[in-house]
Amino acid sequence: MKLRLYTIAIVLMVVLFGSKSNLFAQEFDNYFVDKTLRIDYSFSGDTSKQYIFLDELNVVPRWYGKRKRLGQLPLEGNGQITVRDKENGMIIYKNSFSTLFQEWLSTEESKRTQKSFENVFLVPFPKRPVIVTVDLMDYHQKVMATMSHTVNPKDILIRHIGERNVTPYVTLQQAADTIRCIHIAYVAEGYKEEEMSTFLSDAKIAMDALFAHEPFKSLRNRFNIIAVESPSMESGVSEPGKGIWKNTAFGAHFDTFYSERYNTTLHLKNLNDKLAGTPYEHIVILVNSTTYGGGGIYNSYTLADTHNSKFKPVVVHEFGHSFGGLGDEYSYGDENTSMYPSDTEPWEQNLTTLHNFHGKWENLIAKGTLIPTPESKDMKTILTKVGVFEGAGYQSKGVYRGVQDCRMKTNEVPEFCPVCKLALTKLINFYTK
């Protein structure tokens with residue numbers, strides 16, 4: 001009788017709250033210990049075929065990611081990693097991401113050359129054997145490559161890192177609740193040992209720039225921020241287009257994909273090795289350079305060059321990509337790309353193709369507003385009027401943004417638009433409430 005009542009109760013809870021897997025996956029302590037399983041992969045291939053290979057397993061002290069909504073995604077991303085309990089098949093953790101590999105697949109080089117890219121993902125360390133699945137999506141949000149493998153937490157070949165020789169770091173801000181918060185690490189790139197005081201100053205500037213913007217300003221106490229003093233042998237950063245190569249901590253360089261201002265690092269294993277043992281989940285690489293540039297990849301990292309006049313707006317813009325999953329709201333004139341096809345609604349919450357606009361920012365649009373929305377020359381209207389304005393996601397036609405100008409469109413705009421604020425607020429609440 002008791003068993004029957006228990007079964008009825010479970011059925012009722014599933015009806016009310018969703019599937020059994022999602023219901024029980026919310027209990028962190030049922031499935032995980034307070035450690036991080038870091039899984040290193042190699043993504044490789046070209047435009048015709050893509051592959052996922054397991055590289056290495058690592059265990060790191062403490063877990064600094066989400067502890068609630070473990071089986072839920074706030075954003076779809078360009079890829080997903082899913083952890084299932086091997087015994088019962090339930091999803092016990094899920095996260096989404098984007099990668100430089102997938103971005104590279106849109107380049108001309110990927111049509112004639114096969115390459116591989118390092119990728120690193122952090123998941124909570126399981127108590128029992130699990131099955132981990134990685135899916136990479138194309139621009140139509142269809143799976144183009146998938147790979148599953150078993151992880152036994154008792155595997156003796158899981159490498160232990162972060163237990164000693166931890167890279168020195170300084171806590172810039174402690175969250176009100178250090179368990180249910182968002183952990184950010186500012187990391188030094190191109191700063192020599194004797195330049196760490198400069199790095200710490202730059203990290204504080206970057207932090208203050210972020211919290212000068214809403215909704216980060218109002219929700220500041222939900223962020224825990226550190227500055228990781230990772231020294232480089234040489235000062236500065238590599239600029240291949242100028243024939244300059246530097247020996248730096250993470251090998252960052254401009255001219256990524258032969259784009260002059262695109263500054264990234266491909267050495268994600270080394271980056272995460274240096275961070276092992278520090279409280280981090282989201283990474284902001286600060287580069288000791290006067291050259292304008294940077295980059296941001298969703299749930300991978302932000303990179304910004306610190307000693308130029310655009311540092312503050314750029315580091316905030318790129319964090320909008322890497323943390324917020326926001327898309328670029330500018331276009332390249334009449335040049336179209338394949339990144340946002342008309343038959344697919346972008347997962348980025350500040351872009352639409354009007355393929356499936358419902359659930360994005362339609363509630364912010366005043367009744368009677370034309371869709372698409374004609375542009376205005378009045379400055380107040382440009383910054384505040386919410387509509388559906390054509391030209392975004394690098395395309396002049398077929399992709400739309402919510403406001404004429406925004407922090408995700410130009411460096412000169414001082415704040416995020418109402419659409420981006422809404423998206424960021426939802427995301428922060430997802431992780432911290």
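The values are calculated or read from the model by the stated rules, or taken from the named source; none is laboratory data. This is a predicted model, so every value here is computed, not measured. Here the Cβ is made from the backbone with ideal geometry for all residues, glycine too, and neighbour counts use every protein chain on show.
When the residues of segment 382-407 are filtered to those that are of a type in the set (K, R) and within 22 Å of the chain's Cα centre (by Cα), the one that is farthest from H321 (Cα to Cα) is R401. Checked against (1) under 30 Å from Y186 (Cα atoms); (2) part of a loop (DSSP other than H, G, I, E, B), F430 passes all but a single condition, namely (2).
Among the residues of segment 282-324, which ones are free of Cβ contacts under 8 Å to residues at least 24 places away in the same chain and either within 14 Å of the chain's Cα centre (by Cα) or assigned to a strand (DSSP E or B) (or both)? Passing the criteria: only T302.
Mind counting the residues in segment 276-317 that are surrounded by 23 or more Cβ atoms within 10 Å (Cβ to Cβ) and among the acidic types (D, E)? So the count comes out to 1.
Of everything in segment 225-258 that is touching a residue at least 60 places away in the same chain (Cβ under 8 Å) and under 22 Å from A185 (Cα atoms), the residue that is surrounded by the fewest Cβ atoms within 10 Å (Cβ to Cβ) is E229. Give the residues of segment 382-426 that are assigned to a helix (DSSP H, G or I) and in contact (Cβ under 8 Å) with a residue 40 or more places away in the chain, sorted by residue number. Listed by number, the residues that qualify are P418, V419, C420, K421, L422, A423, L424, T425, K426. For the condition touching a residue at least 24 places away in the same chain (Cβ under 8 Å) and in a loop (DSSP other than H, G, I, E, B), E329 qualifies.
The rows are residues; the columns are (1) under 22 Å from the mean Cα position of the chain (by Cα); (2) crowded, with 16+ Cβ neighbours inside 10 Å; (3) modelled with pLDDT of 95 or more; (4) not charged (D, E, K, R).
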| site | (1), (2), (3), (4) |
| --- | --- |
| L16 | no, no, no, yes |
| S19 | no, no, no, yes |
| L23 | no, yes, no, yes |
| Q50 | yes, yes, yes, yes |
| W63 | yes, yes, yes, yes |
| G77 | yes, yes, yes, yes |
| T82 | yes, yes, yes, yes |
| D85 | no, yes, yes, no |
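Residues are listed down the side, and each one gets a yes or a no for (1) among the small types (G, A, S); (2) surrounded by fewer than 18 Cβ atoms within 10 Å (Cβ to Cβ); (3) out of contact with any strand residue (DSSP E or B) (no Cβ under 6 Å at 6 or more places or on another chain):
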position	(1), (2), (3)
L351	no, no, no
E362	no, yes, yes
T373	no, no, no
S376	yes, yes, yes
I382	no, yes, yes
K385	no, no, yes
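Scanning segment 160-200 for residues that are among the basic types (K, R) and over 16 Å from W63 (Cβ atoms) gives R164, K192. So S106 clears everything in (1) within 27 Å of K49 (Cα to Cα); (2) assigned to a loop (DSSP other than H, G, I, E, B); (3) more than 24 Å from the chain's Cα centre (by Cα); (4) not basic (K, R) except one condition, right? Which one? Unmet for S106, out of (1) within 27 Å of K49 (Cα to Cα); (2) assigned to a loop (DSSP other than H, G, I, E, B); (3) more than 24 Å from the chain's Cα centre (by Cα); (4) not basic (K, R): (3). In the condition set (1) touching a residue at least 24 places away in the same chain (Cβ under 8 Å); (2) farther than 20 Å from E345 by Cβ; (3) in contact with a Gly (Cβ under 9 Å, 6 or more places away or on another chain), L370 is compliant with all but (1). Of everything in segment 160-196 that's surrounded by 14 or more Cβ atoms within 10 Å (Cβ to Cβ) and among the basic types (K, R), which residue is modelled with the highest pLDDT? Step by step, filter segment 160-196, then rank; the result is K192. Candidates T133, T150, T146: the one that is of a type in the set (S, T, N, Q), part of a strand (DSSP E or B), touching an Asp or Glu at 6+ places or on another chain (Cβ under 6 Å) and assigned by TED's automatic domain parsing to the domain that holds Q102 is T146.
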